[in-house]
Every structure is written in structure tokens, then in C-alpha cells.
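Everything on this sheet refers to the single structure shown next.
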Amino acid sequence: MLDLTGTSSIVTGGASGLGEATVRALAARGASVIVLDLQDDKGAAVASSVGGGYVRADVTDPEQVIAAIAAAEEHGPLRTLVCAAGIGWATRTVGRDGTYESAHDLGIFQKVLAVNLVGTFNCIRLAATAMGRTEPVDADGSRGAIVTLASVAAYDGQIGQAAYSASKGGIVGMTVPVARDLSAIGVRLNCVAPGLFDTPIYGEGEAAEAFKDKLKRDVLFPKRLGAADELASMVVELLTNSYANAEVVRVDGGARLPPK
């Protein structure tokens with residue numbers, strides 16, 4: 001098992017939701033966690049609550065990500081990275097009125113792919129480079145581990161999810177080749193594909209609760225949305241289990257999403 005005590009970790013998108021739960025789970029295992037996000041107040045508060053650090057950074061910006069890695073290394077050798085930062089957008093591919101103007105905005109499609117897919121790869125390539133410079137922690141030559149967050153939308157993308165599903169499908173698709181690349185430096189890479197989780201993304205109030213109640217109809221068992229710490233538990237397992245590599249794990253209560 002990869003011992004996180006005395007090591008540093010980076011969680012992108014760690015200021016809220018699944019990222020925040022992962023930050024807390026890693027800190028509980030002894031890691032000093034750097035929260036990489038663009039939500040300054042929330043990010044700083046989460047980092048402070050676990051004795052970690054906050055770095056404002058855009059996952060698509062190499063220099064900003066390198067600065068976050070440098071901040072992490074001040075707390076100990078960088079051993080783990082979790083890529084939880086992401087954005088979503090719901091737009092049909094073709095507009096209802098049949099005009100070119102109403103077709104899916106190309107800039108939005110590119111933006112979602114830039115943040116979710118390119119940003120994830122950017123963080124992987126840079127963090128893995130830093131991990132590769134550390135001393136191995138065991139006889140196998142292990143230096144670290146990375147977990148990315150895809151989505152069940154990579155497989156069951158719903159109407160309007162072309163951009164989001166494409167970005168998450170890309171994360172799934174690069175898991176094996178990147179894991180093969182990183183094997184040369186003793187770094188493992190796995191991917192988690194979350195299903196429907198109860199996070200702040202759905203908002204608050206009666207309307208939000210009614211919407212979440214509708215969502216759980218597609219969950220097999222248990223018949224509810226997932227809790228963020230249930231996802232974080234799987235992330236930590238994949239990071240610390242020394243034999244878990246190049247795998248994509250769905251954590252979704254057996255959900256299979258319908259077209260809409």
C-alpha cells in the first residue's frame with residue numbers, strides 16, 4: 001500500500017463537491033493536500049480546515065499548475081494527484097429551428113474539452129514529471145499514483161451532453177495509454193467514473209430536491225444519489241492500493257442513464 005503520511009497531494013477542483021470530499025479523505029490518511037481551484041474563498045476554507053494549502057490555478061495553464069506543484073512539494077514529496085476539476089454544459093447538437101446559428105456553439109464544445117480533457121492531461125503530465133523525480137518508496141520502484149474523474153456520461157451520455165460526454169470519454173480513453181507511459185517512472189494511473197452524486201452542483205431548495213428525487217429513479221441500488229465520501233473512498237483506494245493500475249471504475253449504484 002502507498003503510505004500517504006508525510007507526503008503531499010494535489011486535488012484539482014478540491015474546493016467543493018467530490019473534490020472537497022477527496023481532499024478531506026486524503027488529509028485523514030496523513031497527506032498534506034493542496035487544493036487547486038478557482039473558487040478562492042471556498043478553496044482557502046477547505047485547505048485551512050485540513051491543514052493544507054490553496055493555490056488558485058487554471059488546470060489548462062501550465063505555469064499555474066507548475067506553481068501548484070511547487071507549493072505541494074514544500075509540504076513533502078508529491079505522491080498523489082486527483083483530477084476532479086470539470087465543467088458541464090447542456091446543448092443539443094442541432095437547434096430546433098434548423099438554422100446554422102442554433103447548432104451547438106463550437107466555442108462551448110471546445111471550452112468543455114479544454115477544461116475537462118486537456119486540463120486533466122496537463123495536470124497529469126506535469127505532476128507525473130514531478131513524481132518521477134522523487135525517490136521510490138518500495139522495492140517495486142513506486143513513486144506515486146494518480147486518479148482522474150470521468151463520469152458515467154462517458155458511456156451513457158444523455159441528450160445535450162455531447163461536449164461533456166466527449167470530454168469524459170477522452171479521460172476514459174487515455175487511461176490505459178497514459179498508465180503505460182507512466183509505468184516507466186513507477187507512477188500508477190486509474191480513473192473513476194462517478195454516477196449521480198449529491199453535490200452542490202444541483203443547488204438548494206425545493207426545486208433542487210425535487211430534481212434530485214427524479215434522478216434517483218435511474219439508480220439500481222441503493223435507490224438514492226451517492227454521497228461524496230463514497231466516491232472519495234474509491235479514489236483513496238485506487239491511490240493507495242499498489243496493484244491497482246490502468247483501470248476505470250464506475251461508482252454509480254448500478255445506474256444506467258436513459259436518453260433524458
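The values are calculated or read from the model by the stated rules, or taken from the named source; none is laboratory data. All of these numbers come straight from a predicted model, not from anything done at the bench. As a convention, Cβ positions derive from the backbone with ideal geometry for all residues, glycine included, and neighbour counts pool all protein chains shown.
Only one of these is small (Gly, Ala, Ser) and over 25 Å from Arg256 (Cα atoms): Ala208, Ala163, Ala179, Ala193. Name it. Among Ala208, Ala163, Ala179, Ala193, only Ala179 is small (Gly, Ala, Ser) and over 25 Å from Arg256 (Cα atoms).
When the criteria are applied in full, Val178 fails the requirement of being buried (at least 17 other Cβ atoms within 10 Å of the Cβ), touching a Leu at 6+ places or on another chain (Cβ under 7 Å), modelled with pLDDT of 95 or more and farther than 21 Å from Ala127 by Cβ.
Among residues of the range 27-47 that are touching a residue at least 40 places away in the same chain (Cβ under 8 Å), those with a Cβ under 6 angstrom from a residue that is outside any helix (DSSP H, G or I) and of a type in the set (Val, Ile, Thr), sequence gap 6+ or separate chain, pair up as Ala31/Thr7; Ile34/Ile10; Ile34/Val55; Leu36/Ile10; Leu36/Thr12; Leu36/Val55. When residues in the range 203-221 are screened for being loosely packed, with under 11 Cβ neighbours inside 10 Å, assigned to a loop (DSSP other than H, G, I, E, B) and either at pLDDT 90 or above or of a type in the set (Gly, Ala, Ser) (or both), 3 of them pass. Among the candidates Leu117, Leu149, Leu81, the residue that is in contact with a Lys or Arg (Cβ under 9 Å, 6 or more places away or on another chain) and closer than 25 Å to Ser48 by Cβ is uniquely Leu149. For the range 139-167, taking the residues that are more than 17 Å from the chain's Cα centre (by Cα) and more than 25 Å from Thr80 (Cβ to Cβ), the one that is surrounded by the most Cβ atoms within 10 Å (Cβ to Cβ) is identified as Gln161. For Ala193, the conditions (1) among the small types (Gly, Ala, Ser); (2) surrounded by fewer than 18 Cβ atoms within 10 Å (Cβ to Cβ); (3) within 20 Å of the chain's Cα centre (by Cα) all hold with the exception of (2). Of all residues in the range 78-101, none that is surrounded by 24 or more Cβ atoms within 10 Å (Cβ to Cβ) and of a type in the set (Gly, Ala, Ser) has its Cβ atom under 9 Å from the Cβ atom of a residue that is part of a strand (DSSP E or B) and modelled with pLDDT under 95, 6 or more apart or on another chain. Just for the range 102-140: of the residues that are basic (Lys, Arg) and free of Cβ contacts under 8 Å to residues at least 24 places away in the same chain, which one is nearest to Ile185 (Cα to Cα)? Out of the qualifying residues, it is Arg133. Taking the condition of a type in the set (Asp, Glu), modelled with pLDDT of 95 or more and at negative phi, does Asp229 pass? So Asp229 passes the test. A Cβ distance below 6 Å, combined with a sequence gap of six or more or placement on separate chains, defines the contacts here; from the range 60-72, residues that are in contact (Cβ under 8 Å) with a residue 12 or more places away in the chain reach residues that are buried (at least 19 other Cβ atoms within 10 Å of the Cβ) and assigned to a loop (DSSP other than H, G, I, E, B) in the pairs Val65/Ala57; Ala68/Ala57.
Filtering the range 212-251 to residues that are under 27 Å from Asp3 (Cα atoms) and among the charged types (D, E, K, R) leaves Asp229, Glu230, Glu237, Glu247, Arg250. Selection of the range 189-204 for residues being aromatic (Phe, Trp, Tyr) and touching a residue at least 24 places away in the same chain (Cβ under 8 Å) yields only Phe197. Residues in the range 77-104 that are aliphatic (A, V, I, L, M) and assigned to a loop (DSSP other than H, G, I, E, B): Ala84, Ala85, Ile87, Ala90, Val94, Ala103.
For first residues located in the range 213-241 and closer than 18 Å to Leu257 by Cβ, partners that are part of a helix (DSSP H, G or I) and lie 6+ apart or on another chain with Cβ distances below 8 Å form the pairs Lys223/Lys216; Arg224/Lys216; Leu225/Lys212; Leu225/Leu215; Leu225/Lys216; Leu231/Leu18; Leu231/Ala21; Leu231/Thr22. Which of the residues spanning the range 116-138 are surrounded by 19 or more Cβ atoms within 10 Å (Cβ to Cβ) and over 14 Å from Leu78 (Cβ atoms)? Across the range 116-138, the qualifying residues are Asn116, Leu117, Gly119, Thr120, Asn122.
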